[in-house]
1. Can you confirm whether B:SER161 is part of a loop (DSSP other than H, G, I, E, B) and more than 10 Å from every other protein chain (Cβ to nearest Cβ)?
2. Given the conditions (1) at pLDDT 85 or above; (2) outside any helix (DSSP H, G or I); (3) of a type in the set (Val, Ile, Thr), which single one is not true for B:ILE490?
3. Taking the residues in segment A:18-43 that are among the hydrophobic types (A, V, I, L, M, F, W, C) and over 20 Å from A:LEU85 (Cα atoms) as candidates, determine which candidate is surrounded by the most Cβ atoms within 10 Å (Cβ to Cβ).
4. What's the number of the condition A:HIS67 fails, among (1) at pLDDT below 90; (2) surrounded by 16 or more Cβ atoms within 10 Å (Cβ to Cβ); (3) assigned to a helix (DSSP H, G or I)?
5. Please note which helices (runs of 4 or more DSSP H) are completely contained in segment A:393-469 and include at least 3 residues that are within 11 Å of chain B (Cβ to nearest Cβ).
6. Return the residues of segment B:168-184 that are of a type outside the set (A, V, I, L, M, F, W, C), farther than 18 Å from A:SER410 by Cβ and either facing chain A (nearest Cβ under 8 Å) or outside any helix (DSSP H, G or I) (or both); say none if nothing qualifies.
7. Is segment B:180-196 home to any residue that is crowded, with 24+ Cβ neighbours inside 10 Å and free of Cβ contacts under 8 Å to residues at least 40 places away in the same chain?
8. Which condition breaks for B:GLY156 when tested against (1) farther than 27 Å from A:GLY454 by Cα; (2) modelled with pLDDT under 90; (3) surrounded by 24 or more Cβ atoms within 10 Å (Cβ to Cβ)?
Amino acid sequence: MLNEYLILLKSEWIIIAIIFLLLFIKVGPKEWKNETLLYGINILLLFNLLAGFYNNVEGNLFNGMYHSNQLIFLEKNMLNLGVYLVSLIAYPWLKEHKHLLEFYILLLSTLLGMFFMISSGNLLIFYLGLELSTIPIAALANFDLHKRQSSEAAMKLIISSAFSSAILLFGVSILYGTTGSLSFNEISQHIYGNQLQVIAFILILAGFCFKISVVPFHLWTADVYEGAPAPVTAYLSIISKTAVLFIFMSVMYTVFKTIATQWYLMIFVLSIITILIGNLFALRQNNLKRFLAFSSIAQVGFILLGLSGTSIMGIASVIYFLLIYLFSNLAAFGVITLVSAVANKETISDYKGFYKTNPFLSWVLAIALFSLAGVPPTAGFFGKFFLIMAGAERGNYIWVVFAAINMIISFYYYLKVVKAIFMDPNDQPIETISIPALPKLAMIICLAGMILTGFFSWIYEYIYSLSIL
Amino acid sequence: MNLTLLLLFPLFTAFVILFAKGLKQVRVIALIGSIFQLLLAGKLLMAYYQIKAQGNQSQMVFEYIQNWYAPLHLQYHIGVDGISIAMILLTAFVVVAGILVSWKTEQLSKEFFFLLILLSLGAYGFFISLDLFTLFFFLEVAVIPKFLLIGIWGSGKKDNSAMKLALMLMGGSALILVGILGIYFNTHTETGIHTFDLLLISKMNIALPIQKIFFPFAFIGFGVFTAIFPFHTWVPDGHASAPTAASMFLAGISMKLGGYGCLRVATFLMPDAAHAYSWIIILLATIAIIYGAFATMMQTDLKYINAYSSISHCGFVLLGIGMLTKTAIMGAVMQMVSHGLMTALFFAAIGMIYSRTHTRMVSQLGGLLKAMPFISSVFVIAGLCSLGLPGFSGFAAEMTVFMGSWQNPDKWFRLATILACASIVVTAVYILRAAGQTIMGPMVNKEHELLTDASWNEKSAAILLIVGIVVVGIAPFWLIDLIQPGTEFIMSKLGAVALVK
């Protein structure tokens, strides 16, 4: 009996253990040097990542409120990988930070929240996980303590999150009112598509769309991404989004299956305007973090396209794309964090002539941008191709043509950055930066992921075999 | 013979280049790699003849299939027929010539040769692919190297041209993507699964309404690569701003990717739609031919002259494909090979002149024959091939296209053929004027008297391409015999064109 709790909640227990360890270190008497702590914590996170691959047991707990299957283990492993890479790339920024331990405690708390969120089988646990994963991030957004922009970002994030959670809860309560249960399985049996339930769905959809920055719920994104410190932006734009997308997919395909025709149309419209607005605004950005924010909004539009396909291909292509999106974005953020921490430069104009002084970093950033644009031989091509294929499966070629045309627009703004790095001359390029070991490891892992994932089809086949929801 | 070797060789060469140090090592490695590739292509030709002599009648030889993404039925499926082999040989010739011409590239030489080899890898992969996904993959592999090559090593308004080229080619790719997805989801094998496999799809009959929707996407998408009329605007700036080897590759091979795609994907897989839309194709092709020719007459920059003339010559390829007769399609393939060699030679000559005189404007050049006889002769040979002088490949190819086009009895198509023939006069005007003014006549700039003639690498590049042009020009039957079975196969899908209306 107790064994069940220990084994099924294995990933959660490991995170809780690390959090408590960090708390003890914090309140303990000994003064540790930042570098020692960083190396130690990264080893712990690596251990956490590797432990996620072993001894995964499927099952249900708390009467189905918490459930786990192989797909959820895959998703948790992806989140673990993401957090490990974020921690690696945050090294140059954290090295001089006073509140190193608080950073990791908050970060791991959000991870814990995400784990509960994606394993939830009940709206209550889902909401618990959602809140646990968003409130600490608002505190994290404030971690550039000497910058006013950072506090502003944190305020915007917490207030918008609170508002969107309120709307989500409203939808949840209407859903409970019409179906009489909070458990996903039971709700799905009582969805009839009457007006009240559709309104509940719309409210819940609004709450989700806020978290994944779908237009028109994206207004918080650019300012928060720009103001928060770069590793936190990376975490928000990649891992937080990924976790919410996982549970979003699961909820859409299981709970709301019967009103699929209605939500298909909603997703269609949302996707079109998201891709359009994301692309149009990304064209005009000069700040790299803001640029990546808008480009990630456009990517989410593509993900919605993939989501709309029939179950198996849709889920498989979305998860595959999220994995590649993780590698590509983290590679880009790795370079940006390093440059921002060492040289304090964040705009595209500052990056002109970057290739002359920092060839390795330039290539990492360039390959990351190519992967985001969807150019072979990087894995981003495969990710985008499969997403568009999943979307085309329903025969909605208007959507497919629109997405394909928008790939060209996105290609333009990604190439603009590549052009600045490789071709534009600069009198004062960013000076040569020596890359510390940990970020370099992160960049190499991301490079390997971006280049090899496309050719090693077993990754996709494994995801596909699990995507039976 | 394992076709994957054609891909592994360039990949290995590119990989070794990454570890080389200094220009000398890099260019020698690149040259050795590309010469090996040329020998491999020759060996492929020999193996093909051998296998045909043994009586092998199958359509595609040396096939190799490997499941890539089994759940989606995507395969790495490669194979060749005569048309593919002709294009592979063309690519090998042009790449060796391109590397020889770029022998003195000092700036970031490692990256330059790396990108060039990567570009050729994309082309080889494209020509051997028999699965639409693999084909699309290799088509797109080439876009980023082109962008970087023009943007970093180019001249003139290179940033603008590089971006325009990259975006328009991506636009073409986007249209092709929609086209092939349409084909994928509307074809089922007997077991009801979708497939991207070219040969399997060609055996299925796709419903005519579906064909009529997706044929324009696929054809115009590939057409963008071949500078089909409204989407040709990337060609002049792109070719003119690119460094010499990149121009040679762009005009010589990259534009043929489109032609090959139009033939192998659009026309082959959707023949009924090809019949229905042939009048639009011929209209656009004729406009390209005539407009390209007239626009060239106005140009004062040598590279722009060659670029616009490429639009005109590639119009012949589309004209041949649009006419849908066997001779016309054979002419289109011959024109692809011939124009590839010829325009590479022309760009090589212009590049040699530019690197010495630092100007490409016709008005500032004159009497170069006195100072640089070899280069001038190469220039004149390229020009004569362009205007279709017999003895060179241009004549054989254009003649075949015209004869094939005339076979189609529709009176409007015959009018198009007549107009296309008439454009040869315009071609002659601009070629003779450009050649006459730059090569012959009085020397405009006194400093040009001190210029050196071609060095060994430039001579080798030119001779290699001239050999190709002359062989195809004097003995076109070799090329015709090579591509005939492939063309007949395509024609069998197209059915008998209604010759009597």
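The values are calculated or read from the model by the stated rules, or taken from the named source; none is laboratory data. The structure presented is a predicted model; accordingly, all values stated were derived computationally and were not measured. Virtual Cβ from ideal backbone geometry, glycine too; neighbours counted across all protein chains shown.
1. No, not satisfied.
2. (2)
3. Taking segment A:18-43 first, the residues among the hydrophobic types (A, V, I, L, M, F, W, C) are A:18-25, A:27, A:32, A:37-38, A:41, A:43.
Of the ones still in play, those that are also over 20 Å from A:LEU85 (Cα atoms) are A:20-21, A:23-25, A:27, A:32.
Numbers: A:PHE20: 11, A:LEU21: 15, A:LEU23: 13, A:PHE24: 9, A:ILE25: 17, A:VAL27: 8, A:TRP32: 14.
For segment A:18-43, the residue satisfying everything is A:ILE25.
4. Tallying (1) at pLDDT below 90; (2) surrounded by 16 or more Cβ atoms within 10 Å (Cβ to Cβ); (3) assigned to a helix (DSSP H, G or I), A:HIS67 fails exactly one: (3).
5. Details: elements: A:397-422, A:437-452, A:457-466.
Ranges flagged: A:397-422, A:457-466.
6. To start, the set of residues in segment B:168-184 that are of a type outside the set (A, V, I, L, M, F, W, C) comprises B:171-173, B:179, B:182, B:184.
If we keep only those that are farther than 18 Å from A:SER410 by Cβ as well, we get B:179, B:182, B:184.
B:GLY182, B:TYR184 - these are the residues of segment B:168-184 that are of a type outside the set (A, V, I, L, M, F, W, C), farther than 18 Å from A:SER410 by Cβ and either facing chain A (nearest Cβ under 8 Å) or outside any helix (DSSP H, G or I) (or both).
7. Within segment B:180-196, one or more residues are crowded, with 24+ Cβ neighbours inside 10 Å and free of Cβ contacts under 8 Å to residues at least 40 places away in the same chain.
8. (3)
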